[in-house]
Amino acid sequence: MADAHVASMEQRANNMVAQRAEPALRLLHTIVTSLHENAADPRYRRLPYSTNRKLRSVLDKSTEGQAFLMALGYRLDRTGDLTLDLRGRSVDGVRPLYSSALSTLSRALQQLTSSPAPREVQLDQSLPPQPAEGSAGVTSVTVKFVKGGPDLHGAVVSRRFDAGDTLRDVKRFVEGSMEIKLARPRDEEAAFSSSSSSSAAVPAQDAAAAADYQLVDRAQQNRAFADDDADTTLQALGLWPSANLTAVVRDASEHDPSALAHSHSGAAAEDTHAQQQSGKGHGQGQRQRQSQRPLPSQLLNAHKSRHEAYSSKRAMGTTHSAKRAQAAAAAERRAAQDRVMAVLKQEAKAQDATKASQAQAQAQAQAQVQVQAEAEAQAQAQMELDEAMALQLAREFENEAARTQSAQA
């Protein structure tokens, strides 16, 4: 059974390497190191899963990390914490399992650090954990890019966020997606180019230059989000349970100083020419400025969406809804752990069945060899008996012949 748990831990560690789950691997390495160094101390056999937010966020993001702990012997107790079950073994009896787990995690971390992570994985690791589809408080955010060049214009990216996440998280996702899409053609060109050093520096410059954009929500009358909205939750901004946003990327000419100076000089020349004309257009310009002013309802809605006392109540909800969300999240975590335990039990049963079939086949082979040996021994004994009888008959025949000759003489 111990070999089955070691094999399961190696498989989970390899899966985490493939998923680039470096935070989960480092957390597991710290846990197993503490267990190995303090095997006799029961305090290190309990993980505060229900109260430690960092521990819970890392494990909730990595199902393979949860399976690794389950294979190591951790179980979810009534308080919501993870407790190590020694399965009736002594402290010295579990030390080899700790050593195997520690060596497995060390190899996985070494393998992970030896190969660089793709940009997509780095972006996903920098964002909050992506909630499961259909879970409580999840919002689906879809962003369409407008302008920004042929590699970016018309591209659509989407991701799930929690309703309590802020607009700053969405902007990090948008900026990271822009860098990935702008750097992808450069990476493909650099893969077939001999001068990799010169072509590798261009994508970062292009991505940094194209990072100037405006995030707009078409569903809210083309609402343009300002920098003050970065720390506001998605639910308070009306981006829940779904949001279809547009990222309008500003071209280089729009924020180029020389282009701006040229446009300003042209505008100044036009203003000078307009001032030289008669004052008949003064009243018409004043009417246009009045028509461009926002409506009072728009000003009130913008003020309400930015007011903390107004938005926090909508974002946090009532106490009962928060408790229901926590209970649903706890039930989802327990269901996920039950699924992991079921998979581990099925793997253990399959391995036990394989070992039983192999033992049965080996016993049958040994029995067949023993029967064959007994048959050969019986045949040998019969042959020896036949030879003894033949010798006895030959002696009797010789004695009879001798008596016949003596009688005739």
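Multiplying the sequence separation of Val343 and Val248 by 0.36 nm and subtracting their Cα-Cα distance, what value in nm do you get? Don't jump to the answer; show the numbers that get you there.
Values: separation 95, 0.36 × 95 = 34.20 nm, distance 4.65 nm.
My answer for the length gained is 29.6 nm.
How would the range 76-138 be classified by its alpha-carbon gyration tensor: rounded, prolate or oblate, with rounded meaning a/c under 1.5 and the a/b versus b/c comparison settling the rest? Please report the intermediate quantities before stating the final value.
Working: a/c = 4.98, a/b = 1.31, b/c = 3.79.
Judged from the Cα gyration tensor, the range 76-138 comes out oblate (a/c at least 1.5, b/c at or above a/b).
If you take the beta carbon distance between Ser57 and Ala353 as r and set R0 to 35 Å, what does 1/(1 + (r/R0)^6) give as a FRET efficiency, to the nearest 0.05? If you can, show how the numbers build up before the last one.
Values: r = 38 Å, r/R0 = 1.08.
It comes out at approximately 0.40.
Measuring from label point to label point, each 7 Å out along Cα→Cβ, what is the Ser126 to Asn38 span in nm?
Reported label-point gap for Ser126 and Asn38 is 3.5 nm.
Quote the FRET efficiency, to the nearest 0.05, computed for Ser158 versus Gln382 with a Förster distance R0 of 60 Å and r equal to the Cβ-Cβ distance.
Numbers: r = 84 Å, r/R0 = 1.41.
After rounding, the FRET efficiency stands at 0.10.
Using only the C-alpha atoms of the range 54-190, find the volume of their convex hull and express it per residue in Å³. Don't jump to the answer; show the numbers that get you there.
Working: hull volume 19.5 nm³, N = 137.
It is 143 Å³ per residue.
What is the distance, in nm, between label points placed 7 Å from the Cα along the Cα-to-Cβ direction at Gln326 and at Gln220?
Result: 2.8 nm between the two label points.
Under a plain spin-label model, where a point goes 7 Å from the Cα along Cα-to-Cβ, how far apart in nm are Ala402 and Ala367?
5.5
Just so you know, all these numbers are worked out from the coordinates, no wet-lab data involved. Note that this is a predicted model, so its numbers are computed, not measured. Neighbour counts are summed over all protein chains in view; Cβ atoms, including those assigned to glycine, are modelled from backbone coordinates with ideal geometry.
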